[in-house]
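> Okay, handing you the structure first.
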Amino acid sequence: MPHIAIIGSGFAALTTVRGLRRRGVGAELTVISPRDELHYLPSSIWIPAGLRRGETLRLPLARFFARHRVRFVKASVTGLAARTRTITTDTGETIAADHVVIASGGRFLKKLPGIEHAIIPCEGIAAAEAMAARLAALDGGTIAIGMATNPQEPGAIRGGPMFEYAFILDRLLRREGRRNRFRMVFFSPSARPGQRLGEKAVDAILAEMKRRGIETHLGHKMVRIGPDRVVTEGGEIAADLILFQPGMTGPEWLAATDLPLSPGGMVRADAFARVEGCEGIWVAGDAGSYPGPEWLPKQAHQADLQARAVAANIAAALKGKAPSRTFTAELICIMDSLDRGMLVFRRGRINLTLPALKPLHWLKRAFERHYLRAYR
């Protein structure tokens with residue numbers, strides 16, 4: 001029986017599992033990850049406001065794995081030999097497979113001096129919980145919210161959540177009657193952050209910040225982060241709470257493999273989500289570097305689209321056919337502000353931006369329920 005090994009337990013990994021089984025693939029499936037839970041990070045933006053609790057966003061996967069006949073290996077990957085498709089782990093177990101899917105996600109660059117003084121929201125649910133606790137303990141002060149990218153791979157950024165945190169914290173503090181005691185500053189080395197969303201979207205975001213009284217410090221290279229300040233070449237921002245989203249790169253273990261890597265440290269893939277020059281090895285989600293438009297996003301929706309292509313192409317390969325399914329380049333983002341949402345959509349030549357509307361907030365919440373139904 002063919003064996004398929006999937007590295008990771010996030011969006012791309014689980015969508016690959018579902019896609020394979022839906023296509024009638026009866027192969028042995030092994031999922032390798034240090035975590036046997038799905039962490040639904042898109043909704044962690046609501047933790048500071050109390051709309052969600054961390055425990056409700058951590059979904060155990062034991063039943064999902066049993067339903068889809070998946071063998072789960074609780075371990076961290078330490079290496080992958082491309083020629084033999086053999087995975088090594090920190091538990092000492094080695095796993096060889098006919099097909100390997102790298103769906104482990106990326107990691108955030110932490111080379112900026114003093115970055116440990118900032119909370120990196122997209123690192124996980126614990127980061128959102130820490131932010132909520134810090135905010136609740138503050139009676140006033142300055143909140144600095146910023147983002148940067150990987151200079152070797154400008155598209156390796158997850159900036160949408162930072163706009164959401166800026167708008168959500170502004171709205172939350174207003175609800176609590178505390179906004180007048182806080183200064184909020186949004187910073188980025190880019191003069192126009194969020195350009196992958198489109199020029200109209202950037203204009204709308206910057207206009208919304210101005211309307212809400214959120215100051216901006218843009219277009220200045222970052223120097224360091226201190227315990228109480230953000231230092232850039234254009235000046236300093238004294239801050240009591242710093243939220244910072246650095247650029248992304250690939251998993252650390254990739255550096256010790258013979259896989260082809262992009263300048264930004266991610267696995268190079270083709271339009272079929274197949275790792276270049278590596279038979280039987282595929283990549284989906286943030287660990288990969290893909291061909292496509294310059295705005296190709298690093299987000300859960302795009303990871304799902306890549307994973308669906310991987311599942312279709314592996315199913316074809318098991319039947320002796322050549323891969324034929326390319327992934328769709330598509331950006332869908334509802335930037336929430338606690339009671340409203342701004343929609344940005346990109347696909348092909350379409351670039352749509354809708355202003356902040358109440359129904360879009362509820363649509364985002366409805367999508368969460370729909371998406372998680374498969375795992376609850």
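The values are calculated or read from the model by the stated rules, or taken from the named source; none is laboratory data. It should be emphasised that the depicted structure is a prediction, and the values quoted were computed from it without experimental measurement. Every residue, glycine as well, gets a Cβ built from its backbone with ideal geometry; the counts of neighbours run over all protein chains shown. Accessible surface is based on the protein model in full, side chains and every heavy atom, while ligands, DNA and RNA are left aside. Shrake-Rupley method; radii C 1.70, N 1.55, O 1.52, S 1.80 Å.
> Can you figure out the FRET efficiency of residue 81 with residue 22, using R₀ = 41 Å and their beta-carbon distance, to the nearest 0.05?
Values: r = 30 Å, r/R0 = 0.73.
Using R0 = 41 Å, I get an efficiency of 0.85.
> Working from Cα positions, state the angle (0 to 90°, nearest 10) between the long axis of helix 199-212 and the longest principal axis of the chain.
For 199-212 against the chain, the angle is about 40 degrees.
> Oh, and also: Give the carbon-plus-sulfur fraction of the accessible surface of the chain in %, rounded to a whole number; probe 1.4 Å, heavy atoms of protein chains only.
Values: 8230 of 16030 Å².
Result for the chain: 51 percent of the exposed heavy-atom area is carbon or sulfur.
> Next question. Ordered by packing density, taken as the mean number of other Cβ atoms within 10 Å over each peptide's residues, highest first, how do 40-53, 330-343 rank?
Values: 40-53: 19.6, 330-343: 21.3.
In descending order of packing, they fall as 330-343, 40-53.
> Where only protein heavy atoms count, and the probe is 1.4 Å, what is the accessible area per residue for the chain in Å²? Don't skip to the end; give the middle numbers.
Details: 16030 Å² over 376 residues.
Each residue of the chain exposes 43 Å² on average to a 1.4 Å probe.
> Separation of the stretch 128-166 and the stretch 75-94 by C-alpha centroid, Å?
That distance is 34 Å.
> Moving to a separate point now. Please give the length that would be gained between residue 352 and residue 332 if that part of the chain were fully extended, namely 0.36 nm times their separation in residues minus their C-alpha to C-alpha distance (nm, one decimal).
Numbers: separation 20, 0.36 × 20 = 7.20 nm, distance 0.97 nm.
In short, 6.2 nm is gained.
> Taking 0.36 nm per intervening residue step and subtracting the Cα-Cα distance, what contour gain separates residue 51 from residue 69 on full extension? Write down the numbers at each step before the final one.
On the way: separation 18, 0.36 × 18 = 6.48 nm, distance 3.41 nm.
Difference between extended and current length: 3.1 nm.
> Hey, another quick one. Can you give me the Cα centroid spacing of the stretch 238-254 and the stretch 185-229 in angstrom?
16 Å
> Further question on the same structure: To make sure I understand the rule: partners must be lysines, Cα under 17 Å from the Cα of residue 221, and not fewer than 8 residues away in the same chain. Which ones qualify?
110, 111
> Full-extension gain between residue 91 and residue 238, please, as 0.36 nm times their residue separation minus the C-alpha to C-alpha distance. Spell out each step's value before the answer.
Working: separation 147, 0.36 × 147 = 52.92 nm, distance 4.43 nm.
Full extension of this stretch gives 48.5 nm more.
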